[in-house]
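Colleague: Quick one: the structure is below, questions incoming.
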Amino acid sequence: MTWMEISAVSIALAFIVLVVFTVRVLIAAKRALHQLSDTVARTEQHVAKTAGEAEQLLKQAGQLTEEVHIQVLALEPTIQSIEKTGAAIGDIASVLRKGARMMNESLHGAERVVHTHHKRIQDVMEWATTGYELWQRWQANRKAKSDH
């Protein structure tokens, strides 16, 4: 066997090894691509499922938001009534404070008058008591005379 033949056989063997290696790499690549395709398909399914769930959640959130909005609108007149009632209570409290202040001032005024005219009032009370006692005696005497 000559160098040429040995070289040709070596080249042929190297080519066969290269072809076998290339075929194996291509088979492994085909498997990897197939697995990648399966993974992509499963991922697409998961993404579609997640998108559907997200859409349902968004619809539910929209419905919940709408319900809350309707309830807030329904409560608005009540809140306004409460505000008006609070304002009215504030007005009433203000009027009561003013009334209490005026009554207190009147009582202090009456106390001052009583204190200032204490002697006169005492004299009037004594005269009134004496007058009442005299009237009672007169009534008793009159009744006694009419019984005889």
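Colleague: For the range 23-33, does any single residue satisfy the condition of being at pLDDT 90 or above, of a type in the set (A, V, I, L, M, F, W, C), part of a helix (DSSP H, G or I) and within 52 Å of the chain's Cα centre (by Cα)?
Modeller: Of the residues in the range 23-33, the ones at pLDDT 90 or above are 23-33.
Adding the requirement that they be of a type in the set (A, V, I, L, M, F, W, C) leaves 23, 25-29, 32-33.
Keeping just the survivors that are part of a helix (DSSP H, G or I) gives 23, 25-29, 32-33.
Next cut, within 52 Å of the chain's Cα centre (by Cα) only: none.
No: zero hits.
Colleague: With respect to Glu53, is the statement that it is in a helix (DSSP H, G or I), open to solvent by 100 Å² or more (accessible area, probe 1.4 Å) and of a type in the set (Asp, Glu) true?
Modeller: When the stated conditions are applied, Glu53 does not pass them.
Colleague: I'm told Thr78 meets every condition in (1) at pLDDT below 90; (2) hydroxyl-bearing (Ser, Thr, Tyr); (3) surrounded by 10 or more Cβ atoms within 10 Å (Cβ to Cβ) except one. Can you identify the failing condition by its number?
Modeller: Evaluating Thr78 over (1) at pLDDT below 90; (2) hydroxyl-bearing (Ser, Thr, Tyr); (3) surrounded by 10 or more Cβ atoms within 10 Å (Cβ to Cβ) leaves (3) as the failure.
Here's the yes/no breakdown for (1) aliphatic (A, V, I, L, M); (2) open to solvent by less than 100 Å² (accessible area, probe 1.4 Å); (3) part of a helix (DSSP H, G or I):
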| position | (1), (2), (3) |
| --- | --- |
| Ala48 | yes, yes, yes |
| Ile82 | yes, no, yes |
| Ser106 | no, yes, yes |
| Asp123 | no, yes, yes |
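Colleague: Can you say whether Asp38 is at pLDDT below 95 and open to solvent by 80 Å² or more (accessible area, probe 1.4 Å), as far as the supplied structure shows? Before you say what the answer is, go through the steps one by one.
Modeller: Details: at pLDDT below 95: yes; open to solvent by 80 Å² or more (accessible area, probe 1.4 Å): no.
No, not satisfied.
The values are calculated or read from the model by the stated rules, or taken from the named source; none is laboratory data. If you're wondering where the values come from, they're calculated on a predicted model, not measured in any experiment. Note: ideal-geometry Cβ built from the backbone for every residue, glycine included; neighbour counts use all protein chains shown. Just the protein is used for accessible areas: all its heavy atoms, side chains included, with ligands, DNA and RNA removed. Shrake-Rupley method; radii C 1.70, N 1.55, O 1.52, S 1.80 Å.
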